[in-house]
Amino acid sequence: MNPELLDGILTALAAGLAGAVIFSLLGLVSGTDETATLAPLTLAVVLLGVPPAGVLTFFIAGAAAKHMTHAVPTTLLGIPGDTMAIALMEEANSLRRLGVPHIALRKMISAAVLAALIAVPVSVLAASALATISEDIKKVIPYLFPLIAIVIAYLSKGRWASVIALVPLTAMITGLNSFVAAETGKTLAISFFVGLAVGPMIVDMVGLASPHLRGSLLRDRRPTFWLAPETDAGGSSRPARNPLRVLNRKEASTTVAAASVTSLTFVVSPLAMAILVGDIVGARVKHAYQRLTRVISVRNGVTDSTYLAETLIPLVAVGLPLSPIAAGAAAPLFNAPPVFSVGGDGSELHNLHTLLSPSQFLVYSLIGVLAAALVAYPLTIRYARRAAFFVAQRLSHEAVVGAFAGLVLVVALYEGGFWGVVVMLTVGLVGGVLNKVIGMHVGVQCMAYYVSVLSVPVLLG
């Protein structure tokens, strides 16, 4: 075997296992947003100098693992494990009321494994086809990016409000970047990105300084959680060993079909796609229980397949963040100065797109998915209830938020010192308010940053 390829595989295995372990555990903590967790940790991996194979595998393994273990709080606690799990709450709550949350849990993670294994080759194949016209795409990118940003904004919860807010947000980012460049002699990128990525969290933390908001957060007792028994429908506590056997034939075939189709899309939000596909599948099943189990399987599979597709297709095809996930959680794979750059301001495109071949993307991404399946599946099946009990009783959600706030602060200081922190707080507060008030999600806000960097100089020049 080629020594270089062997080194890449070994690096990918180590990074994939690390990502799978970290995000399998984070998935157990309800409410941990993908962008606020995946993005900062992936950025830290990039800045630490991990080779490209390790960076890609870490992200893919983390994303796949989190979309498996987020099923634990979603099904057992009735609390969304993360943003993507919101699409699954109706079916999860119904199955929990029927007394079979353990079955819902196993269906969800089995569908996630199956969908991820399908999404990687389908996405890389689609991206390779698009790569044949990548040079033409790059020529029109400065003019195409604003249009893509508008489409993504309209598809967010904010609809036209998000589209309208794109203009002042882009202007603010452009002006702030120009001001910092005049003060420090360099432009910033990481501080803008992490500020937007954790904007809602920054708003919540700053809001604690407000007596009005603090009063609404006071609690006179600990929250109460109800956990289902750990036995299956037949009374056995022995978990299934093969995730593919958990799904029946129709559930598996529907998940495969849905994952194959949605792995070709890379503009529509994974949450919106999961809701749409779930509604289409559910409308064709009359039996109530079968409808619930099939829909929850398909929806969780679709959240995984679209998430991976929105990462891999833009990355392999053109190396520019042309999707909500690419512009949000996966942004460090595209742009993490001084290691990675998307170009603009006279700099050349230099990121995983230029450092890895399509075959390497395929191999390393599959390693990431397999690492996630090997870690997250047995962890979820065997220790789900005990882990959920520990998280609900002993792990403070505020401690997790504080840890990521500290990481974001360190990253901003690393890039821009005092001005990096100012930029991070400014865009975080503005972006967080836009997210909470009008539904302008982080992917749309990051597109505003890329429009500012890649399109505004050309359009104003």
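How large is the accessible surface per residue of the chain, computed with a 1.4 Å probe and reported in Å² as a whole number? Display every interim value, and only then the final one.
Working: 19350 Å² over 461 residues.
Heavy-atom SASA per residue in the chain reads 42 Å².
Tell me, how many Å apart are the Cα centres for the stretch 160-194 and for the stretch 249-327?
What the calculation gives is 32 Å, centre to centre.
Just the number, please: carbon plus sulfur as a percent of the accessible area of the stretch 1-117, 1.4 Å probe, no ligands or DNA/RNA counted. If you can, show how the numbers build up before the last one.
Numbers: 2300 of 3380 Å².
Ligands and nucleic acids excluded, carbon and sulfur give 68 percent.
Too long at a 32 Å Cα-Cα cut-off: which of LYS286/LYS436; LYS139/LYS186; LYS250/LYS436; LYS138/LYS186; LYS139/LYS436? Write out the running numbers ahead of the final one.
Working: LYS286/LYS436 37 Å; LYS139/LYS186 26 Å; LYS250/LYS436 39 Å; LYS138/LYS186 25 Å; LYS139/LYS436 35 Å.
Beyond 32 Å between Cα atoms: LYS286/LYS436; LYS250/LYS436; LYS139/LYS436.
Measure nothing but the geometry: give the 0 to 90° angle between the long axis through the Cα atoms of 160-184 and the longest principal axis through the Cα atoms of the chain, rounded to 10°.
50 degrees
What translational D, rounded to a whole number of µm²/s, comes out for the stretch 1-120 from Stokes-Einstein when the hydrodynamic radius is the Kirkwood one over Cα pairs, at 4 °C and 1.567 mPa s? Please list the in-between numbers first.
Details: Rh = 15.1 Å.
Here the translational diffusion coefficient equals 86 µm²/s.
Can you give me the % of accessible surface on the stretch 131-219 that is carbon or sulfur? Probe 1.4 Å, all protein chains present, nothing else counted. Spell out each step's value before the answer.
Numbers: 3270 of 4780 Å².
On the stretch 131-219, the fraction of accessible area on carbon and sulfur atoms equals 68 percent.
Taking Cα atoms, how many degrees apart are the long axis of helix 358-394 and the longest axis of the chain, rounded to 10 and kept between 0 and 90?
60 degrees
Å³ per residue of the Cα convex hull, for the chain? Could the numbers behind the result be given before it?
Details: hull volume 66.5 nm³, N = 461.
For the chain, the hull spanned by Cα atoms encloses 144 Å³ per residue.
Once label points are set 7 Å from the Cα along Cα→Cβ at both ASN242 and GLU90, what is their separation, rounded to one decimal in nm?
Output for this residue pair reads 3.4 nm.
Lysines within cross-link reach of LYS66: Cα-Cα under 18 Å, excluding same-chain residues under 8 positions apart?
The qualifying lysines are LYS107.
Within 10 Å, Cβ to Cβ, of ILE438, how many net charges do the neighbouring residues add up to if Lys/Arg are +1 and Asp/Glu are -1? Please list the in-between numbers first.
Values: positive: LYS157, ARG159, LYS436; negative: none.
Charge balance in the 10 Å sphere: +3.
With r as the distance between the Cβ atoms of LEU147 and LEU10 and R0 = 35 Å, compute the FRET efficiency 1/(1 + (r/R0)^6) and round to 0.05.
On the way: r = 42 Å, r/R0 = 1.21.
With a Förster radius of 35 Å, E is 0.25.
Does a label point 7 Å from the Cα of SER357, set along Cα-to-beta-carbon, have any residues of the stretch 43-87 with amide nitrogen under 20 Å, and which are they?
Those under the cut-off are 51-57.
What do you get for the angle between helix 134-155 and the principal long axis of the chain? Use alpha-carbon atoms, 0 to 90 degrees, nearest ten.
With both axes taken from Cα atoms, the answer is about 60 degrees.
The values are calculated or read from the model by the stated rules, or taken from the named source; none is laboratory data. Everything numeric in this text was worked out from a predicted model, so none of it was measured. All Cβ positions, glycine included, derive from the backbone under ideal geometry; neighbour counts span all protein chains shown. For accessibility, only protein heavy atoms count, side chains too; no ligands or nucleic acids. Shrake-Rupley method; radii C 1.70, N 1.55, O 1.52, S 1.80 Å.
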